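A quick write-up on the structure given underneath.
The values are calculated or read from the model by the stated rules, or taken from the named source; none is laboratory data. The model shown is predicted, which means the values in this text are computed figures rather than measured ones. Note that each Cβ is placed from the backbone with ideal geometry, even for glycine, and that neighbours are counted across all protein chains shown. Quick note on the areas: whole protein, heavy atoms, side chains included, nothing else; ligands and nucleic acids left out. Shrake-Rupley method; radii C 1.70, N 1.55, O 1.52, S 1.80 Å.
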Amino acid sequence: MKARWYKGWNIVGVCLVFQALIIGSVFFSYTLWVGEWLADQSLEVSLTYVMVPITTLTLCQAVVAPMVGYAMDRYSIRAMICIGTALVSLGYISISYATAFWEIILIYGTLIVAGVSLAGPLAAQTLAARWFIDKRGLAIGLSTTGTSIGGVIMAPTVTLLYESVGWRDAHFVLGVVFCLLIIPLVWFVVSNGPDLVNPDDTDSNSLEPNLGKMKEKIWTVQEILRQPNFWIIVLSFLPLITVFGSIQQHLRPFAADLGVSSMQAAFLVSVFASVMILGKIFFGLMADRYDHRFLFSISLSACVFVVFGFLTQSSYAGVLFFSGVLGFSAGGFLPLLGAIIASRFGAMSFGTVMGLLGPFLAISAFGPMLFSKMYELQGNYTIALWSALFVLVPGFLAVLFLKRN
């Protein structure tokens, strides 16, 4: 008898779409908005000040993450994604009418942070963890490629938009597109997941093999915080997120120092995101087969290689190559984090654990601003990059203490 198509893959496909549009615009394309805002004399912003919205977004996202993660494990993820999309849309449309930069900061810290928290990687990974067991690493890895696909597609799209109609109208157009494309797709395709506790209540043909056999412990917040693995995850991933996030948001300023065009800078982001897709698939596949500690070490080593590369390269071709390697390193973050959490805490507590990690990983939000400040003090990125190497050391040490998967 021919096996029926498994519905879980449809869910993964929708996760790719809403992350590509939202995360691709908000996070991957932020470095491109930086150049436009710096050039707009009416805003009167410095390089450090222009990094405040993305820092505010990351910090506020960390504050709400525990509540969002808790809600993901208990309420309708479909509804939360739709609400989140509407909030991001409203935020982008509001930015198009901003007359002062503090208004953009306020919008990022309210509407957009609420939106990306509800309609972002946390929702996508929680859905993937619920719908899969045997292929969970691959499913999580594929679901997270949506953010990188967004970097590939949205970086040149954003550049074409603001070069054609300006950054204000570009935000307005994107806000409308989010609502029209994402909300109907999510509402009609996404469901929270098969019944993992009472599998007899679910159509067996809709289940991944062995999914119906799973009965998992539901962890309390207190139990999670008492687990050494939780704190090892924080100490391992925080340095890596800080470094590649800082470099990512400075790709355009770094490229501007080389005298390249806006579209060439956008191409750096696209290369970074393209290789990140391959990295996510690679680490997702490998997470089902190999020791997570070994895979994490590969990702972190690649990041070290990138930092040395940016210290020694002054050509566009060199920066282009190392942007790709950075994408491979960053590609390991979400698939490995998701696989580590799912294998050690289970799918039914996945959202809660991911949410609790948010406030601790939020320290990485200061990375781009610190990079900016060190650049302004010295006039180049040398001190910032050497500091990045120092930051990565604790990640290497902490992951050694993670229990085997």
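Summed over region 1-43, the residues that are in a loop (DSSP other than H, G, I, E, B) and either under 21 Å from residue 149 (Cβ atoms) or at pLDDT 85 or above (or both) give a count of 1. Taking region 80-199 and the helices (runs of 4 or more DSSP H) fully enclosed by it, the elements with 3 or more residues that are surrounded by fewer than 24 Cβ atoms within 10 Å (Cβ to Cβ) are at 101-107, 136-189. Checking each residue in region 28-66 for being hydrophobic (A, V, I, L, M, F, W, C) and out of contact with any helix residue (DSSP H, G or I) (no Cβ under 7 Å at 6 or more places or on another chain) picks out only 39. If you take the residues in region 361-400 that are of a type in the set (Val, Ile, Thr), open to solvent by 10 Å² or more (accessible area, probe 1.4 Å) and in contact (Cβ under 8 Å) with a residue 60 or more places away in the chain, which one is nearest to residue 288 (Cα to Cα)? So the residue we want is 393. Exactly one residue among 255, 265, 273, 287 is open to solvent by less than 20 Å² (accessible area, probe 1.4 Å), in contact with a Lys or Arg (Cβ under 6 Å, 6 or more places away or on another chain) and of a type in the set (Gly, Ala, Ser), and that residue is 265. Where residues in region 44-57 are of a type in the set (Val, Ile, Thr) and in a helix (DSSP H, G or I), which of them is farthest from residue 78 (Cα to Cα)? The extreme case among them is 50. Among the residues of region 7-59, those identified as of a type in the set (Phe, Trp, Tyr) and open to solvent by less than 20 Å² (accessible area, probe 1.4 Å) are 18, 28, 30, 33, 37.
Number of residues in region 344-360 that are out of contact with any Lys or Arg (no Cβ under 8 Å at 6 or more places or on another chain) and either open to solvent by 10 Å² or more (accessible area, probe 1.4 Å) or within 20 Å of residue 296 (Cβ to Cβ) (or both) equals 8. Within region 325-343, the residues that satisfy the criterion of being over 15 Å from residue 233 (Cα atoms) and open to solvent by 10 Å² or more (accessible area, probe 1.4 Å) are 325, 328. Among the residues of region 54-103, count how many are over 25 Å from residue 125 (Cβ atoms), of a type outside the set (A, V, I, L, M, F, W, C) and modelled with pLDDT of 90 or more. Summing the residues that are over 25 Å from residue 125 (Cβ atoms), of a type outside the set (A, V, I, L, M, F, W, C) and modelled with pLDDT of 90 or more in region 54-103 gives 4.
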